[in-house]
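First the structure, in the form of C-alpha cells, and then the observations on it.
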Amino acid sequence: MVCCGNCGAPALPDSAFCRGCGTALSLVPPVLDPVATFVGPNYATYQRKWEACDRRSSTYSWNWPAFLFGLFWMAYRKMYMNAGILLGIACLESVATYLFHLADAAANAMNLALAVVIGLQGNHWYRKHVTKRIADITPTVPVDRLQGTLAAAGGTNAGAAIIAFVLLVAVIAALYVAGGLPTGETIST
C-alpha cells in the first residue's frame, strides 16, 4: 500500500490529494506503508479488523486461526515470545492437571477458555507485535533498506510453526515419560 510522503496516511489508488493532510500527492514522493510491508499479503484483513476495533474502542475481535491453532498461529506470525509463553502455559496446565488430579473435563475447559482468549485477543496482540517491531527496526535501518528489512522481519514463517509443533510433541512426550500425563486409566475421587 502506498502512503502519503507528507503525513503517512494511506493513499487511495486514483487520488490526487492525501485524505489525511490534503497535500497534493504529486508534490511529495509516495512511501510504502510500513505496516503493510511488515504484515505482508494479509494486511488488508488485519487492517479491517484493527480499524473495527478502533471504531469500537475495543481490543476484542475474532481470529479463527488464532483460536484453532493458537501456538502455531503465533509462531507462524513470528510472535515467538507469545508462542513461548503459550507453550509454557500448556506445560503448566499439563503439570497442574497431573498434580491436582484434575478431571479431563476440567483440563478441556481450561484449554477451551485459553483458546477463546487467544481467538478474541490474537488480532490485538499481533497489532502490538507489529507496532513494536516496526518501532524497533525503523530507527536502526537506513531508509533505502527499510522496506526490505521490514518485509524480512515481518510476514510469516511456516518453519516456525513446524518447530512449534515439534516442541509441543516433545513436551507432551517428556511429560508422558516423566509420568506427568495419564496413560488412559481413570482417576477415582
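The values are calculated or read from the model by the stated rules, or taken from the named source; none is laboratory data. All figures in this text were calculated on a predicted structure; none of them were measured in a lab. All Cβ positions, even for glycine, are placed from backbone atoms using ideal geometry, and neighbour counts span all protein chains on display.
Structure notes:
- Looking only at residues of the stretch 126-155 that are surrounded by 18 or more Cβ atoms within 10 Å (Cβ to Cβ) and modelled with pLDDT of 95 or more, we find that the one that is farthest from residue 42 (Cα to Cα) is 129.
- Residue 61 modelled with pLDDT under 95, of a type outside the set (A, V, I, L, M) and either within 21 Å of residue 131 (Cβ to Cβ) or crowded, with 17+ Cβ neighbours inside 10 Å (or both): no
- Of all residues in the stretch 21-41 being modelled with pLDDT of 80 or more and in a loop (DSSP other than H, G, I, E, B), the one that is surrounded by the fewest Cβ atoms within 10 Å (Cβ to Cβ): 41
- Restricting the stretch 114-125 to residues that are hydrophobic (A, V, I, L, M, F, W, C) and under 14 Å from the mean Cα position of the chain (by Cα), the residue that is surrounded by the most Cβ atoms within 10 Å (Cβ to Cβ): 118
- A count restricted to the stretch 77-113 and to residues that are assigned to a helix (DSSP H, G or I), surrounded by 11 or more Cβ atoms within 10 Å (Cβ to Cβ) and within 15 Å of the chain's Cα centre (by Cα) stands at 7.
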